[in-house]
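Before any comments, here is the structure.
The values are calculated or read from the model by the stated rules, or taken from the named source; none is laboratory data. Predicted model only: the values in this text are computed from it and were never measured. Cβ coordinates were reconstructed from backbone atoms using ideal geometry, including for glycine residues, and neighbour counts include every protein chain displayed. Calculation scope for accessible area: heavy atoms of the full protein, side chains included, ligands and nucleic acids excluded. Shrake-Rupley method; radii C 1.70, N 1.55, O 1.52, S 1.80 Å.
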Amino acid sequence: MNIKDTTQFIQPFGVDIDLENGIMHNPTNHLVRNASDMLGYYENEDALQQLIEAESNPLHYEVFEVPVPEEYGHLMYCISTLQPGKVGDEYYMTKGHYHTILETGEIYLCLKGEGYMMMKTPDGEWKAEKMMKGRMVYVPPYWAHRSINTGNVPLISFCVYPGDAGHNYGDISEEGFPARIFYKDEKIVIEEA
Ligand code: F6R
Ligand code: ZN
């Protein structure tokens, strides 16, 4: 067998996932983001501060990974579990990112809950695709992506993307997305900025 310098040879393995609760057993990485990690991301910064102080900095989302080599040819995968809730009128969301290698896509299979995948391109085009249990959202290459939970239960997704994709949060933390999702007048409302 000819093993390329680009792509390590590793042993096959299996991973147990609790689909109902959005937990990967024995993950090697468990990322936890609380409300205080989201400063600067929501429209209503005062409401976020209030949430941090009055509700003891609640859990926002978790990502469970069993990392594989971050290389061409391997497939990274994770379970992403986003709590239900609002900051002011705006639904809880993840930070969102581009992939460092922009021409890499991602598959999100929604296992529980409902919400939206908010996506945008560097040219400012945007699209909000519905997420719900049993629905797969394809995030094509070049599109930044952020999950938003508009339901009452955790929004749980299984994600798969190229091992060498990488994450670029810088652009989103500076520019945000062109649209936000709120609960207003007893409805879910997608508002352009
Ligand atoms: C990986 C990916 C997801 C997110 C996760 C957390 O490429 O898209 O695993 O990383 O849902 O969201 P962010 O990364 O926006 O904090
Ligand atoms: Zn991604």
Q: For the chain, give the percent of accessible area contributed by carbon and sulfur heavy atoms, probe 1.4 Å, rounded to a whole number.
A: 49 percent
(Q) Give me the dipole magnitude in Debye, nearest 20, for the chain about the Cα centre, with unit charges on the beta carbon: positive for Lys and Arg, negative for Asp and Glu. (A) 560 debye
Q. Each label point is 7 Å from the Cα along the Cα-to-Cβ direction; what then is the distance between the points at residue 75 and residue 171, in nm?
A. 2.5 nm
Q. On full extension of the chain, what length is gained from residue 1 through residue 185, given 0.36 nm per residue of separation minus the C-alpha to C-alpha distance?
A. 60.0 nm
(Q) With every atom except the alpha carbons ignored, what do you get for Rg and Dmax of the chain, in angstroms? (A) 17.0, 63
Q.
Rolling a 1.4 Å sphere over the protein heavy atoms, what is the accessible area per residue of region 17-192, to the nearest Å²?
A. 48 Å²
Q. For residue 120, which lysines qualify as cross-link partners when the Cα separation must be under 30 Å and same-chain residues fewer than eight apart are set aside?
A. 86, 95, 112, 130, 133, 184, 187
